[in-house]
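Scroll down for the structure; my scribbles are underneath it.
Nothing in this text is a laboratory measurement; each read-out follows from the coordinates by a stated rule. Since the model is a prediction, treat every value here as computed from it, not as a measurement. All Cβ positions, glycine included, derive from the backbone under ideal geometry; neighbour counts span all protein chains shown.
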Amino acid sequence: MANNQLPTYQYLTVEGADLVRVTLNRPEVHNAFNAGLIGELHDVFTELGADDHCRVIVLQAMGKSFCAGADLNWMKSMANFTNEENIADSRKMALMLNAIYSCPKPVIAKVQGDAYAGGVGLAAVCDIVVASSQVRFCISEAKLGLLPATIAPYVIRALGEQASRRYFVTAEVFTAAHAKDLGFVHELVDPEALDSKVNEICQSIISNGQMAVMACKKIVQDISHQAITNPLIEETVKRIANIRTSDEAQARMKAFLEKSK
């Protein structure tokens with residue numbers, strides 16, 4: 001999907017070909033979710049996942065905040081929804097998060113500002129999180145009498161069960177430095193170094209084999225919570241055997257061996 005084929009979005013900007021930047025563009029409400037933004041995120045990650053030109057995606061945001069979670073005015077409008085309508089609405093959020101999490105291409109969260117509630121979930125579904133040292137995180141749902149349900153599967157994996165047990169129930173604010181200590185944030189940098197660090201990671205990914213990168217992302221998701229059994233061992237044997245014979249692997253191994261000589 002070349003640049004000139006990208007659709008126009010109301011709440012997002014999307015730029016690039018091999019390195020695609022998806023930018024949340026509701027800075028006036030701290031990039032909070034509404035139905036439109038949720039739908040656009042679902043659509044763009046579904047499209048980019050199927051786009052052969054796209055190698056890596058950076059998810060970033062305009063303005064002061066990364067994402068403040070749900071738009072409270074939008075949530076207020078749901079007060080008169082039936083249970084069925086609330087379920088249908090929540091499902092859209094859940095499917096959007098899963099579209100990003102399961103996107104075959106690596107997704108890097110460039111977190112330049114605070115992330116609250118669903119914004120923490122948005123960072124959690126990304127493969128790599130690079131954050132400014134000034135960023136704060138907060139899983140704030142309990143303050144509003146809610147719970148972080150649709151983001152929970154991803155946040156618990158990324159933040160860890162023990163930290164989630166605390167921050168889900170306390171709704172305390174924690175710093176990006178603490179998030180790095182917990183393993184949620186991969187890289188913590190000064191604000192002015194954010195772009196260069198993200199670009200450095202993107203170039204590392206783009207320099208690798210395209211099919212191999214997607215296979216590497218998938219194997220982490222597929223086996224990270226499985227017991228190490230004989231069937232799992234056999235599955236890993238099949239995956240490496242299959243990829244060894246691919247054109248990409250053969251060409252890259254040949255090039256490496258010739259360079260070594």
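A compact table of results
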{"quantity": "The chain: angle of helix 230-244 to the longest principal axis, Cα-based, in degrees nearest 10", "calculated": "60 degrees"}
{"quantity": "Extension reserve of the Phe81-Ala142 stretch, reckoned as 0.36 nm per residue once the Cα distance is removed", "calculated": "19.9 nm"}
{"quantity": "Flagged links, alpha-carbon separation over 22 Å, of Lys218/Lys238; Lys218/Lys259; Lys92/Lys217; Lys105/Lys197; Lys110/Lys180", "calculated": "Lys218/Lys259; Lys92/Lys217"}
{"quantity": "Helix-derived mean residue ellipticity, 222 nm - over the chain, DSSP H n ≥ 4, -39500 (n - 2.57), to 500", "calculated": "-15000 deg cm²/dmol"}
{"quantity": "Theoretical gain in end-to-end length, Asp222 to Ser204 [0.36 nm per residue, Cα-Cα removed]", "calculated": "4.2 nm"}
{"quantity": "In nm, spacing of pseudo-spin labels at Ala152 and Thr236 (7 Å Cα→C-beta vector)", "calculated": "3.1 nm"}
{"quantity": "Note, ³J(HN,Hα) from phi for the stretch 179-196, Karplus 6.51, -1.76, 1.60, rounded to Hz, x at Gly and Pro", "calculated": "4, 5, 4, 7, x, 6, 9, 7, 10, 10, 9, 5, x, 6, 9, 4, 4, 5"}
{"quantity": "From the C-alpha gyration tensor of the stretch 172-261, square roots of 5λ in Å", "calculated": "32, 23, 9"}
{"quantity": "Inter-label distance for Lys259 and Glu28, nm, one decimal - labels placed 7 Å from Cα along Cα-to-Cβ", "calculated": "5.0 nm"}
{"quantity": "Scattering curve values for the stretch 126-178, log₁₀ I(q)/I(0), Debye with Cα scatterers, q = 0.13, 0.14 Å⁻¹", "calculated": "-0.31, -0.36"}
{"quantity": "Radius 10 Å from Cβ of Leu37, net charge of other residues (Lys, Arg +1; Asp, Glu -1)", "calculated": "-1"}
{"quantity": "Per-residue HN-Hα couplings for the stretch 115-126 [Karplus 6.51, -1.76, 1.60; θ = phi - 60°; Hz; x = Gly/Pro]", "calculated": "10, 10, 6, x, x, 5, x, 5, 5, 5, 7, 7"}
{"quantity": "Rounded FRET efficiency, nearest 0.05, which uses the C-beta distance separating Thr245 from Ala88 and R0 of 51 Å", "calculated": "0.65"}
{"quantity": "Rg(Cα)/(2.2 N^0.38 Å) for the stretch 13-85, N = residue count", "calculated": "1.30"}
{"quantity": "Rounded to 10°, Cα long-axis angle of helix 161-170 versus longest principal axis of the chain", "calculated": "20 degrees"}
{"quantity": "Square roots of five times the Cα gyration tensor eigenvalues for the stretch 210-260, Å", "calculated": "26, 12, 9"}
{"quantity": "Reciprocal mean inverse distance between Cα atoms of the chain - Kirkwood radius, Å", "calculated": "19.6 Å"}
{"quantity": "Whole-Å semi-axes of the ellipsoid equivalent to the stretch 1-146 (Cα gyration tensor, √5λ, descending)", "calculated": "25, 18, 13"}
{"quantity": "Separation between Cα centres of the stretch 161-226 and the stretch 15-53, rounded to whole Å", "calculated": "19 Å"}
